[in-house]
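Heads up: the structure comes next, in structure tokens.
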Amino acid sequence: MRLQSCCDACTDDKPGIPTVIQTLKSSLANFIEPDLGLLDYLLSLSVLTQSQVADVRSENTVYERNDALLELLTTEDQCSKFLKALRLTGQQHVVNFITQNGG
């Protein structure tokens, strides 16, 4: 009988946060509130640059701002900090939606 190694036991096939966010992007654009401090937190957490924040803010509708924001989230680190910023702005429901893969 083969014993499972620690690495074998810890491996799972769950997609990373960036993949989940991109998969759920169209749904997320409907209920993220980017204008209630989220962009400021993302700037302070070094997720976005000042220029990127300005670009997102320049979009006409909240849906377009969310689309522009979500396109900028490409790494695990950025996405983890995005979840933190969502929590800090009272958007735990969005965090739950992402971490439950839309469920």
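Is it the case that the stretch 67-84 has a residue that's touching a Cys at 6+ places or on another chain (Cβ under 6 Å) and either over 13 Å from residue 41 (Cα atoms) or modelled with pLDDT of 95 or more (or both)? Scanning the stretch 67-84 turns up at least one residue that is touching a Cys at 6+ places or on another chain (Cβ under 6 Å) and either over 13 Å from residue 41 (Cα atoms) or modelled with pLDDT of 95 or more (or both). Condition check for residue 11 on (1) of a type in the set (S, T, N, Q); (2) at pLDDT below 95; (3) within 17 Å of residue 79 (Cβ to Cβ): one failure, at (3). Has the stretch 26-37 got at least one residue that is modelled with pLDDT under 95, at positive phi and out of contact with any Lys or Arg (no Cβ under 9 Å at 6 or more places or on another chain)? Within the stretch 26-37 (the criterion being modelled with pLDDT under 95, at positive phi and out of contact with any Lys or Arg (no Cβ under 9 Å at 6 or more places or on another chain)), the answer is no, since none of the residues qualifies. Among the residues of the stretch 58-96, the ones that are more than 14 Å from residue 25 (Cα to Cα) and in contact with an Asp or Glu (Cβ under 8 Å, 6 or more places away or on another chain) come to 3 in all. If you go through the stretch 73-103 and pick out every residue that is crowded, with 20+ Cβ neighbours inside 10 Å and among the small types (Gly, Ala, Ser), you end up with 1.
Annotation note: of 46, 80, 58, the sole residue that is within 10 Å of the chain's Cα centre (by Cα) and of a type in the set (S, T, N, Q) is 80.
The values are calculated or read from the model by the stated rules, or taken from the named source; none is laboratory data. On a predicted model such as this, the values are computed, not experimentally measured, just so you know. All Cβ positions, even for glycine, are placed from backbone atoms using ideal geometry, and neighbour counts span all protein chains on display.
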